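Colleague: Before anything else, here's the structure in question.
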Amino acid sequence: RVGGPPPIAFGPPPEQLLGRLKRIKACLVTLIVALVLKLVGQILLRPWLALNIVVDSLDALLVALVGVFLMKDDPLFRPVYTFLMGTCCRGCEGQCPGGVSCLCTWFAVCLITALTDLFGDVGTVYVGFRLIFDPSYPDKYEWNFKSRSTPWFICMVVYMVGVLLALLAQILGAWQGMKGFTESQALLDPLEGLEGGAWGGGLPHGGAQQGQQPYAYGVQPQPSAPPGEVPAMPMGPGQRLPPPRGFEPFAGQGQRLG
């Protein structure tokens, strides 16, 4: 792309992206379920660290929040989006239109949080696996239940299932978000590959980076008038364009010199 940032898409998602959004929805639902499993399992194992556990889960909550904005047109998440816009996210509508415009953000936060969660949870998961499958492994950690007991085993399995599901949902969600963003940009770029560039910034030939206007699917931007010509004004009902004027020599009045 030449001449500016990609166009901002808004409005209902096009038919070409519906399949991709269904897969992203499945990743979002899986992530929410996994987050609940992680919180329940880990807090039951170490209730005195409940506050730290909740704080460490804020990145997953951020991913879920972005996913709700992305899926705002979905019947399942529309009530959640409406509730958020009327409470804690009031005033964000003018800054983030939601919907397919959040595809790039969704891809980015899924990828980043997948990496951070992987490094953050790998220690506890490793210890849990060793304690479950290696009876000789010494337990040097403090738990709410006796290690290798039935309550401890249930809570540890719940926690590890939540960790694995969350990582799977974030990795697949990042992949689907990247592919969806690429496809959405292709739908917004009817001139992609032609000499001179595509519709950049929602405007012809690169557009304006400041004051950038959103670009609705199915609505093609009108090219600007060539230099030196006045752009055509929008016509209302019953109005006609004035007849074209050809070249007219100077017809003013003045004093002849000499």
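Colleague: Could you order the peptides 132-140, 146-154 from most to least packed, using the average number of other C-beta atoms within 10 Å per residue?
Modeller: Highest mean packing first, the order is 146-154, 132-140.
Colleague: Residue-wise, which Karplus ³J(HN,Hα) couplings in Hz belong to the range 152-168, taking 6.51 cos²θ - 1.76 cosθ + 1.60, θ = phi - 60°, and x for glycine or proline?
Modeller: Coupling constants for the range 152-168: 4, 4, 5, 5, 5, 5, 4, 5, 5, 4, x, 5, 5, 5, 5, 4, 4 Hz.
Colleague: Then there's this: Considering only DSSP states other than H, G, I, E and B, which trypsin sites (Lys or Arg not before Pro) in the range 19-124 qualify as loop sites with at most 14 other Cβ atoms within 10 Å?
Modeller: R90
Colleague: Quick one: 3J(HN,Hα) in Hz for the range 83-92, Karplus 6.51/-1.76/1.60 with θ = phi - 60°, rounded, Gly and Pro as x.
Modeller: Couplings: 5, 5, 5, x, 10, 6, 9, 5, x, 8 Hz.
Colleague: Continuing with this model, one more query. Sketch the reach of a paramagnetic label on V161 as a point 7 Å from Cα along Cα-to-Cβ, and name the residues of the range 16-32 whose backbone nitrogen lies under 16 Å away.
Modeller: So the set is 30-32.
Colleague: Follow-up question, since we're still on this one. For the range 108-114, in order, what is each residue's ³J(HN,Hα) by Karplus, 6.51 cos²θ - 1.76 cosθ + 1.60 with θ = phi - 60°, in whole Hz (x at glycine and Pro)?
Modeller: The phi angles translate into 5, 5, 5, 5, 5, 5, 4 Hz.
Colleague: Counting only Cα, what are the radius of gyration and maximum Cα-Cα distance Dmax of the range 38-77, in Å?
Modeller: 13.5, 40
The numbers here are math on the coordinates, done by the rules we state, and not lab data. If you're wondering where the values come from, they're calculated on a predicted model, not measured in any experiment. Positions of Cβ are generated from backbone atoms using ideal geometry, with glycine treated the same way; all protein chains shown enter the neighbour counts.
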